[in-house]
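This report concerns only the one structure given below.
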Amino acid sequence: MPTDRKIHTRAARDRTMSATTKPGKGSVLGKHRLAIPVLVAMLVAGAAAGCAQAKKDTTANLVTKEVEPGVVRIISDGAGHDLEKRHPTYRYDMDSVFVAPDGTVWLGTSYRDTDNDANPPGGLVWALGQSGTSQYAPKRFCFAGERDKPEGTGVTCFEPATDTETRYLVGTHVNAVAAAPDGTFWAAGDDGTENGGLYHITP
């Protein structure tokens, strides 16, 4: 049975800040690639303000279940977010996690497969242990690689309204893509033997 346990936030999964997370079944148009960039873009101003405030423990009311020694699964956060709830068929896809300077754990989530037809379009962003859930419906999705070839080169931008794709930096290996509040995108490249490379994309 789930039990209330006070836990300390552990380090985020490998490459938390990367937009190259392996997609789960039912991912739509590389939505997993956009989740972290959008999440980070929305947090820039809030994180800066949070640095000046006292740190709060938002994990105190978590309902958890131990899955193995030293590891618990979060069932709910005590603030209205039930991670086991179906919407209506599947649980949320947990696309990204970001820990702000004030210790707040932010999550980027989305709907899976047929649940996309039963809910408003776009992903969801919310803070663990805090009430409220924000929804974003960006004009375009930009991600590293190609739609069906994430290990490919360059950046692909897809615009749902027109069902069109635009490719940038073809031939350049890109490690991550981040969305900026002004609608532009930043790409961190890997130029092979030279390594590195930072690019600003205006679709």
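Nothing in this text is a laboratory measurement; each read-out follows from the coordinates by a stated rule. Since we're looking at a predicted model, the values are computed, not measured. We place every Cβ from the backbone using ideal geometry, glycine too, and count neighbours over all the protein chains shown.
For region 81-106, enumerate the residues that are free of Cβ contacts under 8 Å to residues at least 60 places away in the same chain and assigned to a strand (DSSP E or B).
Of the residues in region 81-106, the ones free of Cβ contacts under 8 Å to residues at least 60 places away in the same chain are 81-89, 91-92, 94, 100-102, 104.
Passing the criteria: Asp82, Met94.
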Subset of region 101-114, residues within 23 Å of Ala60 (Cβ to Cβ) and surrounded by fewer than 19 Cβ atoms within 10 Å (Cβ to Cβ), comes to Pro101, Asp102, Gly103
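Mind checking which strands (runs of 3 or more DSSP E) fall wholly inside region 115-166 and carry at least 1 residues that are exposed (fewer than 14 other Cβ atoms within 10 Å of the Cβ)? Explain how you work it out, then say what you get.
Values: elements: 123-127, 134-136, 141-144, 155-159.
Because the criterion is at least 1 residues that are exposed (fewer than 14 other Cβ atoms within 10 Å of the Cβ), the strands (runs of 3 or more DSSP E) in region 115-166 that meet it are 134-136.
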